[in-house]
Structures are given as structure tokens and as C-alpha cells.
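Reading through the C-alpha cells given below for one structure.
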């Protein structure tokens, strides 16, 4: 029997680089779609993984690619995701995130007769400010260009589900940590600063976030992919509990043995920020049997160990 063909966009990104080996382990035929960037090469490319190059913003290219590959499943992770960046570059973010997603969806709808499942990486950011914990039917109030693009994509997917019975799943993961290459996000930025210097510069200590470890996040995609009950649905993936940035920094200080100074409010505030964002994953647990396995302190410990080894050798 032929293996299922899975096209993964954003395969070189944070979640994609964790998800790819898991898909290969399960014997999927994995195709990675990348936008060509000079000087970026995937070394030690895995068996069963084929890398294709194309820009999601160019419909003719994407249509041709989808027509040739005939993927049965698409896991669409590719996006410009830093929220702060989106305030200053809204046109670029709209083109990459919304137009790119529409191009991919339309190509799958029109070019693949036996298309089985489109998994879309949305975000908890689409909720904006509102009551906690957020449930899937909590009113969405996106308050950044990034969140608006993801919300628009969700609406387009729901239109396609209702109009064409298009098989889709929307995943709304909450803030995820455990990055191995990127220090632009608060957990990794703090860890690296604490390991390398005596002064840590951070933004506002007050926001509260629901922090999901990368392994639990990647597992959410596998869970949706391998359960037909996910089709046509929207799911939160979170831990169900929040931690303030100040509390988070205290835990990381303890794990790194940091005794230096933390200077707050050194990063300009966003035009609109979400002060408290906590998810309810009851639906994912009841429908799919998914729940987070990694506790915050354990996940932070793993992340600290990784960066220690990366920076200073293990």
C-alpha cells in the first residue's frame, strides 16, 4: 500500500522542524515546501523527505506544484509570525499569511480530486483581549496584523468547508517555547541572556501566558492528522494554566542559577497587547484524546539544558 503523501509548509521553521522527523517515523511520504532563500540549506536531509521550492504568494507556481505532487494531506505552518514585526510590515504579512493560504487552499480544492485533509496553523492570538480561559467559541478579537491574517484564514477555511465540504482542521495553539535556533521570543531570549550575561533586558512583566512545550504542540498536529473526528473542527491546544512573565523569569532564573539584574520595560510596548491569554483544551481532550504531557518547569529545564549545550558545549 502506498504511503500517504503529506505536504508540509514551513518545514524549516520552529514547529515544522520538530514535526518532520515525526511524520517520517510514521512512514508518511513528506514533501517540504520552502521559499528559496540564498544560503539556507537543510543539511542531512532525511530519507522520505523531498524539498520543493515555491513562493506561496504566486498562485500559478503553487497550482502547478500541487497538481504535480497530488498531496493527500497538507499541513500549513508557513507564516510570518512575529507579532511585533507585523505592526510595521502589515502588507508583507497579509500577502504571506492570508494570500499565501488562499492560494494553497484553492490549488488543493481544484487540483487534487481525492484530497483528504488540510491542517491549518492558526493561533491563540486571534482571541485578542477577552474572558479567560478561551474556548473555541469565545468571540475572537484579533488585535495585530498577524492575528487579523490568521483570523481571515480561519474564515476562508470555514467558507470552503461549508461551500465545498473541504476537509479542514483549524488548530489554535497557545504560546509555544522550546526553540533551538531563534532567540526572538521571551523564553529563549531570557535563557540566552541569563546564560551569557549579568543583565537581562525585558519588556512588561505583567502579561499572563499559557505556555505549551514544543513536543506537545507538534503532537497536536499528529493527533489531528490521525483522527477523522478532527475534520471540519477548530481546536485549542494549550495547558489550561497561565503564568505571568515575572513568574516565568523567576523560574528561569532558578533553573539557570542567574544572580544578575533584570531590567524591565526596555522593549517598547505593542500598540495593543493581550494582558492575559489562557486556553481551554477540553474539546481536544474529549474529541481527540489530546492533552499536554510536559509540565512548565520540566519544559523550561529541557530548554535551558539545550541552550547550555548549544552555547558552551555539552
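What nm value, rounded to one decimal, do you get for the distance between residue 135 and residue 250 when each label is placed 7 Å out toward the C-beta?
Distance between the two pseudo-spin positions: 3.2 nm.
Going by average Cβ density within 10 Å per residue, which order do the peptides 265-273, 18-26, 51-59 take, highest to lowest?
18-26, 51-59, 265-273
If I model the stretch 180-274 as equal point scatterers sitting on the Cα atoms and use the Debye formula, what is log10 I(q)/I(0) at q = 0.18 Å⁻¹?
-0.92
Would you mind calculating the gained length between residue 51 and residue 106 on full extension (0.36 nm times residue separation, minus the Cα-Cα distance), in nm to one decimal? Walk me through the intermediate numbers first.
Working: separation 55, 0.36 × 55 = 19.80 nm, distance 2.14 nm.
Gain on stretching residue 51 to residue 106: 17.7 nm.
At a threshold of 8 angstrom on Cα-Cα distance, excluding pairs fewer than six apart, so keeping six or more, what relative contact order does the chain reach in percent?
On the way: 577 pairs, mean separation 53.2, N = 314.
Computed value for the chain: 17 percent relative contact order.
Using alpha carbons only, how many degrees (0 to 90, rounded to 10) separate the axis of helix 59-69 from the longest principal axis of the chain?
Tilt relative to the chain: about 70 degrees.
Shape of the stretch 81-138 from its Cα gyration tensor (a ≥ b ≥ c, root eigenvalues): rounded if a/c is under 1.5, otherwise prolate when a/b > b/c, or oblate? Don't skip to the end; give the middle numbers.
Values: a/c = 3.86, a/b = 1.38, b/c = 2.79.
Oblate is the answer for the stretch 81-138, as a/c is 1.5 or above yet b/c matches or exceeds a/b.
Tell me the angle of helix 245-256 to the major Cα principal axis of the chain, expressed in degrees between 0 and 90 and rounded to the nearest ten.
80 degrees
Helix-derived [θ] at 222 nm for the chain: sum -39500 (n - 2.57) over DSSP H runs of at least 4, divide by residue count, nearest 500? If you can, show how the numbers build up before the last one.
On the way: 11 runs with 124 residues, N = 314.
After summing the helix terms and dividing by residue count, I get -12000 deg cm²/dmol.
Please work out the FRET efficiency for the pair residue 58 and residue 259, using the Cβ-Cβ distance as r and a Förster radius of 35 Å; give the result to the nearest 0.05. It would help to have the intermediate numbers written out before the result.
Working: r = 52 Å, r/R0 = 1.49.
Working from the Cβ atoms, E equals 0.10.
Tell me the relative contact order for the stretch 53-106 as a rounded percent, counting alpha carbon contacts under 8 Å between residues six or more apart.
Working: 34 pairs, mean separation 29.4, N = 54.
About 55 percent, as a whole number.
Once fully extended, how much extra length lies between residue 295 and residue 89, figured as 0.36 nm per residue of separation less the alpha-carbon to alpha-carbon distance?
Details: separation 206, 0.36 × 206 = 74.16 nm, distance 3.51 nm.
Working it through step by step, the gained length comes to 70.6 nm.
One quarter of the convex hull surface, Cα atoms only: what value does that give for the chain in nm²? Before the final figure, lay out each step's value.
Values: hull surface 65.3 nm².
Taking a quarter of the hull surface, the average projection is 16.3 nm².
Residue 308 versus residue 184, label points 7 Å from Cα toward the beta carbon: distance in nm?
2.8 nm
Across all directions of projection, what mean area in square nanometres is found for the Cα convex hull of the stretch 82-234? Walk me through the numbers before you get to the answer.
Working: hull surface 43.0 nm².
Taking a quarter of the hull surface, the average projection is 10.8 nm².
Can you give the relative contact order of the stretch 99-220 as a percent, counting alpha carbon pairs under 8 Å and 6+ residues apart?
On the way: 111 pairs, mean separation 30.3, N = 122.
Taking the mean separation of contacting Cα pairs over the length of the stretch 99-220, I get 25 percent.
If you stretched the chain out fully between residue 198 and residue 267, how much longer would it get, using 0.36 nm times the residue separation minus the C-alpha to C-alpha distance? Mind showing how you got there, number by number?
On the way: separation 69, 0.36 × 69 = 24.84 nm, distance 1.80 nm.
Additional length available on full extension: 23.0 nm.
For the peptides 253-259, 147-153, what is the packing order when you average, over each peptide's residues, the other Cβ atoms within 10 Å and list the highest mean first? Don't skip to the end; give the middle numbers.
Working: 253-259: 14.6, 147-153: 23.0.
Final packing ranking: 147-153, 253-259.
Values quoted throughout were computed directly from the atomic coordinates according to the rules given, and no laboratory measurement underlies them. Bear in mind that the values here come from a model prediction, so they are computed numbers and not experimental data. Cβ coordinates were reconstructed from backbone atoms using ideal geometry, including for glycine residues, and neighbour counts include every protein chain displayed.
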